[in-house]
Amino acid sequence: MLNKLKQLLQRELGDVEGENIGPSPVSVKLAAAALMIEVIAADYHFRDEERALLLAILQKRFSLDVDTAEKLLEEAEQAHKHSTDYFAFTSEINRRCDQQKKIEFIHTLWQLANADNEIHQIEQHVIRRISNLLHVSHSDFIAAKIAATGQKA
């Protein structure tokens, strides 16, 4: 009886003994891309230079070819469009990434926000919220901004 229950749980939820219980609603790549879109869309201007930088970042960060990066960007745009909060995206990153990767991600968000050489107040607010949800300390948040924008401490 216990074996049948275990089999049922494994079938319905995935590997109950492993770290991953069930399929993730989004991949880390999709979560990261959707949050990047949130930052560049925050000022209500999705500029060409921001989109080009986002595509280049997706290609480099995830070792993707142009077509795969475009497809990921399209999927991320849809995920972003249908999302109501950041939780689905940030929770997946929290589950899958270590602290250093999360800090690097915040650095990337700052680079995107600064793509047009201007960080809008709303973009800064969005990055701060994402940073909080990823449990990135304030000092790492500021250090990532300084490094990404070339400001002096």
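Any read-out appearing in this document is the output of simple, stated calculations on the displayed coordinates, not a laboratory observation. Keep in mind that what you see is a predicted model, and the values were worked out from it rather than measured. In this analysis, Cβ positions are derived from the backbone assuming ideal geometry, glycine residues included, and neighbour counts consider all displayed protein chains.
Please give the helices (runs of 4 or more DSSP H) falling wholly within the range 34-153 in which 1 or more residues are of a type in the set (Phe, Trp, Tyr) and surrounded by 19 or more Cβ atoms within 10 Å (Cβ to Cβ).
Working: elements: 48-62, 66-82, 87-96, 99-113, 121-133, 138-149.
Output list reads 87-96, 99-113, 138-149.
Can you tell me which condition residue 124 does not meet? The list is (1) within 12 Å of the chain's Cα centre (by Cα); (2) more than 20 Å from residue 26 (Cβ to Cβ); (3) of a type in the set (S, T, N, Q), and all the others hold.
Checking residue 124 against (1) within 12 Å of the chain's Cα centre (by Cα); (2) more than 20 Å from residue 26 (Cβ to Cβ); (3) of a type in the set (S, T, N, Q), the one that fails is (1).
Which of the residues belonging to the range 80-107 are touching a helix residue (DSSP H, G or I) at 6+ places or on another chain (Cβ under 6 Å) and hydroxyl-bearing (Ser, Thr, Tyr)?
Residues satisfying the conditions are 86, 90.
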